[in-house]
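Down below is the structure, laid out as structure tokens.
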Amino acid sequence: MTAVIQTVRLSKWYGNVLGLNNVSLEIEPGITGLLGPNGAGKSTFMKLLTGQLKPNIGEVLIWGKPVWNHCRHLSKIGFCSEQDAFYEEISGWEFLTGLLSLQGFTPAAAGARAEEALAIVELAQDKDRKIRGYSRGMRQRIKFAQAIAHDPDLLVLDEPLSGLDPLGKRKIIRLIKDYKMRGKTVLVSSHVLPEIEAMTSDIILIHQGRILAKGDIHYIRDLIESHPHVISIKCGNVRGLAAEFVRAGFVRKLDFGPDDDTLTVETHDRDAFFGRLPAVLLENGIQVEEISSPDDNLQAVFDYLVGK
Amino acid sequence: MSSNRGTKLALLGRTFRRVFSFFFFLGRRSRKTKVFYVMSGLPVAMAAVIKINQMTAGTGRDVVNSVFVDILMMFYLQFLIIILALFYGTSICSEEIEGRTLHYLTTRPLMKSGIILGKYGAYSLLLSLMVLPSLFCSYFVLNAGRLDRAAVYLAFLRYAGVMVLGILGYLAFFAFLGTALRRPILIGLAFGFGWETVLQYFPGSTQRFSVVHYLKSLLPRYSPGRFSLLTFRLEPTDPLISVIMVLLISAAFIGLACLAFSLKEYISAD
């Protein structure tokens, strides 16, 4: 399959800060997830792909052509920024038709496409309201609409699900999957693994400006499974709870909080722990106030991967 | 080679047209425009006060043009146009960066120089539409009772032309400041109200290093009377050369703005 996006030894830095470091990869049609913690270089990578930034070293090729200062190639690219920024004084309809006219559509064609995009993101009824008055979810959807309104072949979405409620997230995920079904290429970034997992199994892991891995999401899942998990339980009888788990083979470490009201458990088999926990709590009549996983995030997995 | 240049020019033209119409529309909608539109009505009020004063004091009609040039045109050229051009010119680039909306433009098939030219064109028209009605009203308030003379209308066209040239020149300069500097307003203020004002008091050719010198050279000159204000040291340049100079200044600075915008990366704080 021909690569839509190709980067060759791509590097970008801001002063002394390294944004992206020697990235060479190819991205093919379909949905590709760009996964990494905040500050990993996802946005920098996407800005380089969409011609907003100029590489310091290396090059970006989209359909075999460079993008920096080659604006004609941008007509087939749709970009949805992570930033919540709009021309606030105009309505959603005016925003979309205006951007479509910048894309080169006639007023009639821009109107028809804006209508279609608004219907897709379910904002048709609110199209005449000023963007200033839109809710966070509506703003996220109108941002998505402007990225797809001109029917681009490549869609670059930077954290499109951030700030959305679960229903809103589900809608956007469905839209992205629909887009892929039409034979398009989608590159979507997130720092939340389950969000990416809901959209695609093809992922690129990025951390501190470097590509750590590229491939199937099951690889990441396996890494997570082999990574010790830390689970914190706040309850009334932490020592009774600890006594129940001290003999369990999947528990590697137990630690008590300073006020003796929190038990921190380190396990290498998260599923086994959570499988056993409800029964232990019921049998001992332990009231739980809070369960949290301090390291149940991508940063912990990345720290683990890079050997911190 | 020439066909490649032709294609680029065609793309530049298309970009200009698209950006111009979008930002002319956005500009009309903005709160800033509404505020400045009200502000540009100030000279009309000033003209009305002067006219009432003239009528009650019985001042002769001959001083009408002198008043207009000395007071109102100075207000327009040395205050209103500079303020408007400063805020709109610097915002051509900085409003996109500060508002974090630049990617809506730079991720579309638009030439970067065309983006600057399109916004410059849109804001030039917008400022002209703000200033010219005000100029029209203030001029005709002062000239009420002389409207049967063709010379009155010809003089108005001259004033309007000076105003448009002033908008083009200052807007281009401030557009350049906005694209080249991170904080252009302070330097713009220092230029508009420092450099442009102080240089007029310098004798000889030094004052030719200001835009306002060429604009004032295009105004009719009346004998210094009690309304003479900030013009007594003017050593005028030939009107044709003045027009050419202002157009050259405009072209040079808008060209530099296009160049800076095409070469620079604008990194907004995430």
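We did not get these values from a lab; they are worked out from the coordinates using the rules stated. All figures in this text were calculated on a predicted structure; none of them were measured in a lab. Ideal geometry is used to build each Cβ from the backbone, glycine not excepted, and the neighbour counts take in all protein chains shown.
Things worth noting here:
- Residues of type aspartates and glutamates that A:Lys184 reaches as a straight line, Cα spacing below 18 Å, ignoring anything fewer than 8 places off in the same chain: A:Glu26, A:Glu28, A:Glu116, A:Asp151, A:Asp153, A:Asp158, A:Asp202
- For peptide B:6-16, the mean count of partner chain Cβ atoms within 10 Å of a residue's Cβ comes to 1.
- Nitroxide proxy distance, nm - points 7 Å out along Cα→Cβ at B:Lys264 and A:Asp178: 4.1 nm
- Magnitude of the charge dipole, the protein assembly as shown, Cβ model with Lys/Arg +1 and Asp/Glu -1, debye to 20: 2780 debye
- With R₀ set to 35 Å, the beta-carbon distance separating A:Thr106 from A:Ser135 gives a calculated FRET efficiency near 0.65.
- Proximal aspartates and glutamates relative to B:Lys264, as straight alpha-carbon distance under 18 Å, when same-chain residues fewer than 8 apart are discounted: A:Glu59, B:Glu95, B:Glu96, B:Glu98
- Placing unit charges on each Cβ (+1 for Lys and Arg, -1 for Asp and Glu) gives chain B a dipole about its Cα centre, and among B:Ile97, B:Ser217, B:Tyr159 the Cα reaching farthest toward its positive end belongs to B:Ile97.
- Neighbouring partner chain Cβ atoms per residue of B:76-83, average, 10 Å criterion: 0
- Average Cα contact separation per residue, region B:1-153, under 8 Å, 6 or more apart, as relative contact order %: 50 percent
- Residue among A:Leu205, A:Leu155, A:Leu18 with the largest mean-square fluctuation in a Gaussian network model of chain A, springs linking Cα atoms under 10 Å: A:Leu18
- Tally of Lys pairs whose C-alpha atoms are under 27 Å apart, taken over region A:45-130, 8 or more apart or cross-chain: 6
- With helices as the sole contributors, the protein assembly as shown gives -16000 deg cm²/dmol at 222 nm; each DSSP H run of n ≥ 4 counts as -39500 (n - 2.57), and the sum is divided by every residue.
- When peptides B:198-209, B:22-33, A:63-74 are sorted by average Cβ neighbour count within 10 Å, with the highest value leading, the order is B:22-33, A:63-74, B:198-209.
- Residue by residue along A:80-89, Cβ atoms of other protein chains within 10 Å of the local Cβ number 6 on average.
- Burial ranking of peptide ranges B:246-259, B:68-81, B:169-182 (average Cβ count within 10 Å, highest at the top): B:169-182, B:68-81, B:246-259
- Difference of contour (0.36 nm per residue) and Cα-Cα distance, A:Asp202 to A:Trp13: 65.4 nm
- Charge tally in the Cβ shell below 14 Å around B:Phe23, where Lys, Arg are +1 and Asp, Glu are -1, B:Phe23 excluded: +3
- Lysines with Cα under 17 Å of A:Lys234, excluding same-chain neighbours fewer than 8 positions away: A:Lys253
- Paramagnetic label zone (point 7 Å from Cα along Cα-to-C-beta, A:Lys214; backbone N under 14 Å) in region A:45-76: A:45-46, A:49, A:59-64
- Evaluated at q = 0.08, 0.11, 0.15, 0.16 Å⁻¹, the base-10 log of the normalised Debye intensity for region A:5-216, with identical point scatterers placed on the Cα atoms, takes the values -0.27, -0.51, -0.95, -1.08.
- GNM top mover of A:Tyr87, A:Tyr219, A:Tyr134 - chain A, alpha-carbon springs below 10 Å: A:Tyr87
- Across chain B, C-alpha contacts under 8 Å between residues 6 or more apart give a mean separation that, scaled by the residue count, equals a relative contact order of 28 percent.
- When only Cα pairs below 8 angstrom with a gap of at least 6 residues are kept, chain A shows a relative contact order of 19 percent.
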